[in-house]
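Working notes, beginning with the structure itself.
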Ligand code: NZQ
Ligand code: ZN
């Protein structure tokens, strides 16, 4: 097992009716900015719950609002919130929404006191480590998928250049996250499907690498994958089923809160390539993963076949005569699961204009110096081209 440090300070508040706990979680005597997305919070009663929890407390807080954070949040939009916080002297931000709103708030939190061009935070991938330099924030999660409620990473799009870039650092963990599984009832089926597949792929990025000695991490990962396979098809049909919803939400958090990543190698190339498909064609994040992952596992078959076979045996109960045969069947099972979850696994099924995609991505990766991706740094630009072309 590799050496590691495990640091995760998020106060994770889980369960039905927990939004009312907000009353005790927000700091006193501070101006609060409530940030949300395109308005789902008004339709599903979450905004009402938040407002009533905040109004019940007498901590001398003033509240202002910032709505309109879009899916795949835009740097340009977020900078408007940064300016408001600077002039209004806001001391705390409350993100109410899915991964996009929470990620947007992480960027805002870091950008307010950043000296220099704020786009550098993304282009130079600035790490925020000093808590005194960021605006503290909490979250109310409305869409289980990204794990952003319990991690310190974020993904932001610069509209002007169509770049989807990441930021993070230990100062960007939420102070608290309130996660009520009953709020997923209002999610469109498509978003529920996305959530299951995003969480599934997060586990795969950290699990489907090569055989190693971290036995517990593998078993936890396999447990999350098996649970998602067990509940995924049901929860998208019936998100009101609390047993399904609560397990789904907890799986999504556990898939990317840092735990399963400790002491093990990880890949993340599916995400890196997938982000380009969103930047270029605005395909939902999870759907880009379902397009890229099957081709990546196939192109990198030799590197990944031992782990693919372990996954096939333990997660899918596959048997066979050789590692290759089991690994092959595991690949088929994975793609079939993506289809069952409503994913279209070919790029051409998601967009009409795709023929230049591989060229574009390879050129962009080379320019950024991303020439050795994956757990063995053997996903070269040539491999990226092969993966993207195979996904057409
Ligand atoms: O904007 P509103 O009106 O709120 O509607 C949203 C949005 O249209 C809607 N929605 C959210 N909760 C709802 C709801 N509709 C009805 N009922 C509810 N309870 O769903 C739509 C999608 O929301 P979004 O936040 O964009 O989805 P998701 O949570 O999947 O986040 C995707 C973003 O997160 C990034 C992705 O790249 C993408 O930008 N990721 C962040 C990660 C992280 N921070 O660790 C890791 C991930 O791999 C991912 O890259
Ligand atoms: Zn993801």
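Tabulated data for the structure shown
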{"quantity": "Index of the failed condition, residue 72 passing every other in (1) part of a strand (DSSP E or B); (2) within 16 Å of ligand 2 (Cβ to nearest atom)", "calculated": "(1)"}
{"quantity": "The stretch 259-271, residues that are in contact with a helix residue (DSSP H, G or I) (Cβ under 8 Å, 6 or more places away or on another chain) and more than 15 Å from residue 370 (Cβ to Cβ)", "calculated": "259, 260, 261, 262, 263, 264, 266"}
{"quantity": "Any hit, the stretch 303-315, residues being within 16 Å of ligand 1 (Cβ to nearest atom) and buried (at least 21 other Cβ atoms within 10 Å of the Cβ)", "calculated": "no"}
{"quantity": "Which numbered condition residue 318 fails, given (1) more than 16 Å from residue 272 (Cβ to Cβ); (2) part of a helix (DSSP H, G or I)", "calculated": "(2)"}
{"quantity": "Any hit, the stretch 342-359, residues being touching a helix residue (DSSP H, G or I) at 6+ places or on another chain (Cβ under 9 Å), part of a helix (DSSP H, G or I) and within 21 Å of residue 226 (Cβ to Cβ)", "calculated": "no"}
{"quantity": "Set 113, 80: member being outside any loop (DSSP other than H, G, I, E, B) and without any contact (Cβ under 8 Å) to a residue 40 or more places away in the chain", "calculated": "80"}
{"quantity": "Residues satisfying the stated conditions in the stretch 17-32, i.e. more than 17 Å from residue 143 (Cβ to Cβ) and within 16 Å of ligand 1 (Cβ to nearest atom)", "calculated": "17"}
{"quantity": "The listed residue being within 16 Å of ligand 2 (Cβ to nearest atom), within 22 Å of residue 25 (Cα to Cα) and touching a residue at least 40 places away in the same chain (Cβ under 8 Å), out of 170, 152", "calculated": "152"}
{"quantity": "Residue match in the stretch 13-26 (condition: over 26 Å from residue 257 (Cβ atoms) and part of a loop (DSSP other than H, G, I, E, B))", "calculated": "no"}
{"quantity": "Residues of the stretch 207-223 satisfying the condition of being surrounded by fewer than 24 Cβ atoms within 10 Å (Cβ to Cβ) and part of a helix (DSSP H, G or I)", "calculated": "215, 216, 217, 218, 219, 220, 222, 223"}
{"quantity": "Residue satisfying all of: in the stretch 258-284; within 12 Å of ligand 1 (Cβ to nearest atom) and in contact with a strand residue (DSSP E or B) (Cβ under 8 Å, 6 or more places away or on another chain); nearest to residue 224 (Cα to Cα) among these", "calculated": "268"}
{"quantity": "Any chance residue 159 is surrounded by fewer than 20 Cβ atoms within 10 Å (Cβ to Cβ) and either touching a strand residue (DSSP E or B) at 6+ places or on another chain (Cβ under 9 Å) or within 30 Å of residue 119 (Cβ to Cβ) (or both)", "calculated": "yes"}
{"quantity": "Any hit, the stretch 199-206, residues being more than 14 Å from ligand 2 (Cβ to nearest atom) and at negative phi", "calculated": "no"}
{"quantity": "Residue among 42, 56, 14 that is surrounded by fewer than 20 Cβ atoms within 10 Å (Cβ to Cβ) and either assigned by TED's automatic domain parsing to the domain that holds residue 284 or in contact with a strand residue (DSSP E or B) (Cβ under 7 Å, 6 or more places away or on another chain) (or both)", "calculated": "14"}
{"quantity": "Residue within the stretch 321-337 that is without any contact (Cβ under 8 Å) to a residue 40 or more places away in the chain, under 24 Å from residue 235 (Cβ atoms) and within 21 Å of the chain's Cα centre (by Cα) present", "calculated": "no"}
{"quantity": "Qualifying residues in the stretch 240-258 (those that are over 20 Å from residue 286 (Cβ atoms) and without any contact (Cβ under 8 Å) to a residue 24 or more places away in the chain) - the one surrounded by the most Cβ atoms within 10 Å (Cβ to Cβ)", "calculated": "241"}
{"quantity": "Some residue of the stretch 145-167 being at pLDDT 95 or above, more than 30 Å from residue 376 (Cβ to Cβ) and assigned to a strand (DSSP E or B)", "calculated": "yes"}
{"quantity": "Residue under evaluation residue 100, criteria (1) in a helix (DSSP H, G or I); (2) in contact with a strand residue (DSSP E or B) (Cβ under 8 Å, 6 or more places away or on another chain); (3) closer than 30 Å to residue 265 by Cβ, criterion not met", "calculated": "(2)"}
{"quantity": "The stretch 270-296, residues that are more than 16 Å from ligand 2 (Cβ to nearest atom) and buried (at least 21 other Cβ atoms within 10 Å of the Cβ)", "calculated": "295"}
{"quantity": "Yes/no for residue 274 being free of Cβ contacts under 8 Å to residues at least 24 places away in the same chain, touching a helix residue (DSSP H, G or I) at 6+ places or on another chain (Cβ under 7 Å) and assigned to a helix (DSSP H, G or I)", "calculated": "yes"}
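The values are calculated or read from the model by the stated rules, or taken from the named source; none is laboratory data. Just so you know, these numbers come straight off a predicted model, no measurement behind them. Don't worry about glycine lacking a Cβ; one is built from the backbone with ideal geometry, like all the others, and counts go over all protein chains shown.
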